[in-house]
1. With touching a helix residue (DSSP H, G or I) at 6+ places or on another chain (Cβ under 8 Å), polar (S, T, N, Q) and closer than 20 Å to Asp53 by Cα as the only criterion, which of Thr152, Thr175, Thr93 stands out?
2. Touching a residue at least 40 places away in the same chain (Cβ under 8 Å) and not charged (D, E, K, R), is that true of Thr178?
3. Do you know which of the residues in region 92-138 that are over 19 Å from Leu20 (Cα atoms) and aliphatic (A, V, I, L, M) is surrounded by the most Cβ atoms within 10 Å (Cβ to Cβ)?
4. What do you reckon, is Pro81 buried (at least 17 other Cβ atoms within 10 Å of the Cβ), at pLDDT below 95 and farther than 22 Å from Ala8 by Cα?
5. Kindly indicate the residue of region 26-36 that is modelled with pLDDT of 95 or more and over 14 Å from the mean Cα position of the chain (by Cα) and also surrounded by the most Cβ atoms within 10 Å (Cβ to Cβ) among those meeting that condition.
6. Among all residue pairs at least 6 apart or on different chains, which show Cβ distances below 7 Å where the first residue, located in region 129-156, is under 14 Å from Leu74 (Cβ atoms) and in contact (Cβ under 8 Å) with a residue 24 or more places away in the chain and the second is surrounded by 13 or more Cβ atoms within 10 Å (Cβ to Cβ) and charged (D, E, K, R)?
7. Give Leu48, Leu64, Leu56 a once-over and let me know the one that is buried (at least 20 other Cβ atoms within 10 Å of the Cβ), of a type in the set (A, V, I, L, M), out of contact with any Pro (no Cβ under 6 Å at 6 or more places or on another chain) and farther than 19 Å from Arg91 by Cβ.
8. Would you be able to tell me the number of residues in region 139-188 that are under 13 Å from the mean Cα position of the chain (by Cα), surrounded by fewer than 20 Cβ atoms within 10 Å (Cβ to Cβ) and at pLDDT 95 or above?
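The values are calculated or read from the model by the stated rules, or taken from the named source; none is laboratory data. The structure presented is a predicted model; accordingly, all values stated were derived computationally and were not measured. Cβ coordinates were reconstructed from backbone atoms using ideal geometry, including for glycine residues, and neighbour counts include every protein chain displayed.
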Amino acid sequence: MGVRVRQADERDRDQVVRILEQAFHDDPVSSWVFPDEEHRRAVHGKFLGVFADVTLEGGRIDLLEDGTATALWLSVPAGAPEDDDTPALMRETADPDNERAELVGRLTGAVHPHHRAHEYLLMIGVSPERQGDGIGEALMRGVLERCDREGTPAYLEASSARSRGLYERLGFTFTGRTVDLPGGPSMWPMWREPQDG
């Protein structure tokens, strides 16, 4: 599938957040963090905006030129991670009285591998009307091809069984330990070794 992808910058922040908000509104993890739909609609964009800001500052955001999909990537070095205040910032920015807004980041951070440098797909979002069209796969392909050329692994957490299937088709494998949100859904940490042509 031929798609036109460009790298987003600060001017694209609101568009990136809007795509993520639409894509993740009914996602099992977002629904667990913000169970009340009206409240989710009010604060979800602030929550997702933290991911956009972190990635704009230190990573790469790919944006489909037609504005229907975006992927947020971070390069993670090997070794023990530095103290990360992102989970606390997520809660403070979006919903200070909601401990789940911080807990989801703490739980995923606790299982994030640091034994090797890798590319981390923090989030990928496709507008609901375009989901299932192969856009997510096409959007990821550029970074994954670079990973293969450079011998770099990739990592992500799948937040639904449907997304896990997509990632498996792209060469990711489940690490064997789910992130189980208390009283909520599971997430599947997935690792991808670089692949030969």
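1. Thr93
2. no
3. Leu103
4. Considered against the rule, which asks whether it is buried (at least 17 other Cβ atoms within 10 Å of the Cβ), at pLDDT below 95 and farther than 22 Å from Ala8 by Cα, Pro81 comes out as no.
5. That would be Val33.
6. Val143/Glu119; Cys147/Glu119; Thr152/Glu119; Pro153/Arg116; Pro153/Arg192; Pro153/Glu193; Ala154/Glu119; Ala154/Arg192
7. Just one listed residue meets the conditions, Leu64.
8. Number of matching residues: 0.
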